[in-house]
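Below you'll find the structure, written out as structure tokens, and then a few comments.
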Amino acid sequence: MAIKLEISEEKEVYRSSYFPEYVRPKIYDPGLDETIKRLTPEKIEKAYQAVFGKETARIKAIVETCIHCGLCAEACQWYLSNDRDPTYAPVAKVKMTAWELMKRKGKVDAGLVYDIARIVFTECNICHRCSLYCPFGLDITFIIGLVRRFCFLLGVVPQRMFDQNQTFMATANQVWMSQSDYIDTLFWREEEGMYELKNLRIPMDKEGVEVVWFPLAAEPKTGPYHIDRIAKIFQVAGVDWTMVTMNDYWDSSNMPMFIRDFFTMQRIVKGLYENAARLRAKKLVLTE
Ligand code: SF4
Ligand code: SF4
């Protein structure tokens, strides 16, 4: 008997009550849908003052300098991959988020915080392309980053990003990799790599090197073959290099930067830098 598969194309739709043109598929995310229930007008205004208090003149200058030429939209992957829907244009994102907050001086309700968080976290990669394309160099990414910080202070962050940040706080890497697993992986990959390059070495905590390489935590965890491939390149190129195992600071991905958790973000950068300095390495090489 043939089985008939029926796939419904219909999706539930979310319509913003603040921006009539903002219509998106409905997606449940506890990091947004549940956390906004805990907000109060006081909390929102306090977070607004903390983030935007000193920055309003700068944002105003950016918005007022903009001549709406649309060049930045042509640089944005979200705009281009959504049939040039104007609500995905970089300037629209600023208007629906930072500008709206400033217009209302932070006196907004939780529903608007939801829209704002959804826009800045899920419809912008803070890639900086729009700023590079703008003839005036207007820094849209800076503004989006501020709005992310505002949402972070309120605890309204997509669950996956929030969890990843917690992982960094606990382990200083994004994949919850223990230090012993990390070191074991480096030894394992050195052994594997020897099948191709007999005298392959993965130096650890070597002092006075030219290069210290900080991988992305996903490399030892889910793509361990990256480790020996990079090691082979360094060795064949004759580079004096090392990896770091003396403490937790070796993952260069720094996901806290994406939600603007400045404390954790700074801790990671400082940890990497201090390790490189301790080894007297001349250069830091980071994945991505
Ligand atoms: S920073 Fe955001 S708005 Fe600007 S081009 Fe990148 S994704 Fe688009
Ligand atoms: S490219 Fe610059 S001036 Fe043109 S719309 Fe974008 S932000 Fe405004």
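With an a/c value of 1.5 or above and a/b not larger than b/c for the gyration tensor axes a ≥ b ≥ c computed over the alpha-carbon atoms, the stretch 13-157 is described as oblate.
How long are the three semi-axes of the equivalent ellipsoid for the chain, computed from the Cα gyration tensor as the root of 5 times each eigenvalue, in whole Å, largest first? Let's see the in-between values first.
On the way: eigenvalues 330, 115, 79 Å².
With the √(5λ) rule applied to the chain, the semi-axes are 41, 24, 20 Å.
Under 5 Å from the amide H of Y14 lie the amide H atoms of R24, K26, each residue being 5 or more positions distant or on a separate chain, with H modelled from the backbone and absent for Pro and chain starts. Pairs from the table (K11/K37; K60/K105; K43/K107; K37/K60) lying more than 20 angstrom apart at Cα are K11/K37; K37/K60.
Scan the chain and report its longest stretch carrying no chymotrypsin sites (Phe, Trp or Tyr not before Pro) that are both in a DSSP loop and have at most 11 other Cβ atoms within 10 Å. Intermediate results must be reported in sequence, preceding the final value.
Details: sites that count: Y28, Y195.
After excluding every exposed loop site, the longest remaining stretch is 29-194.
Solvent-accessible surface of the stretch 172-286, averaged per residue with a 1.4 angstrom probe and all protein chains in place: 52 square angstrom.
Backbone geometry of the stretch 241-246 corresponds, through the Karplus equation with coefficients 6.51, -1.76 and 1.60 at θ = phi - 60°, to 3J(HN,Hα) couplings of 9, 7, 10, 10, 10, 5 Hz, x marking Gly and Pro.
Computed over the alpha carbons of the stretch 144-229, Rg followed by Dmax gives 17.3, 54 Å. Taking a straight line from the alpha carbon of K232, these lysines sit under 26 Å away, with near neighbours fewer than eight places off in the same chain left out: K198, K206, K221, K282, K283.
Taking the stretch 36-95, which trypsin sites (Lys or Arg not before Pro) meet the DSSP loop condition and have no more than 10 other C-beta atoms within 10 Å? Can you show the working numbers first?
Details: sites: K37, R38, K43, K46, K54, R58, K60, R84, K93, K95; in loops: K54, R84.
Listed in order of number, the matching sites are K54.
For K54, the aspartates and glutamates whose Cα falls under 20 Å of its own Cα, not counting residues fewer than eight places away in the same chain, are E42, E45, E64, E100, D139, D261.
Rounded to the nearest percent, how much of the accessible area of the stretch 172-286 (1.4 Å probe, protein heavy atoms only) is carbon and sulfur? Please report the intermediate quantities before stating the final value.
On the way: 3410 of 5960 Å².
Carbon with sulfur: 57 percent of the solvent-accessible area.
Amide H contacts for V285 (H built 1.01 Å from N in the peptide plane; partners 5 or more residues away or on another chain; cut-off under 5 Å): V212, W213, F214. Which cysteines in the chain lack any other cysteine whose Cβ sits under 4.7 Å from their own Cβ? Cysteines of the chain left without a disulfide-compatible partner: C66, C69, C76, C124, C127, C134, C151.
The values are calculated or read from the model by the stated rules, or taken from the named source; none is laboratory data. Small disclaimer: the values here were computed from a predicted structure and weren't measured. Reconstructed Cβ throughout: ideal geometry from the backbone, glycine too, with neighbour counts over all protein chains shown. Keep in mind that these areas ignore ligands, DNA and RNA; they rest on the heavy atoms of the full protein, side chains included. Shrake-Rupley method; radii C 1.70, N 1.55, O 1.52, S 1.80 Å.
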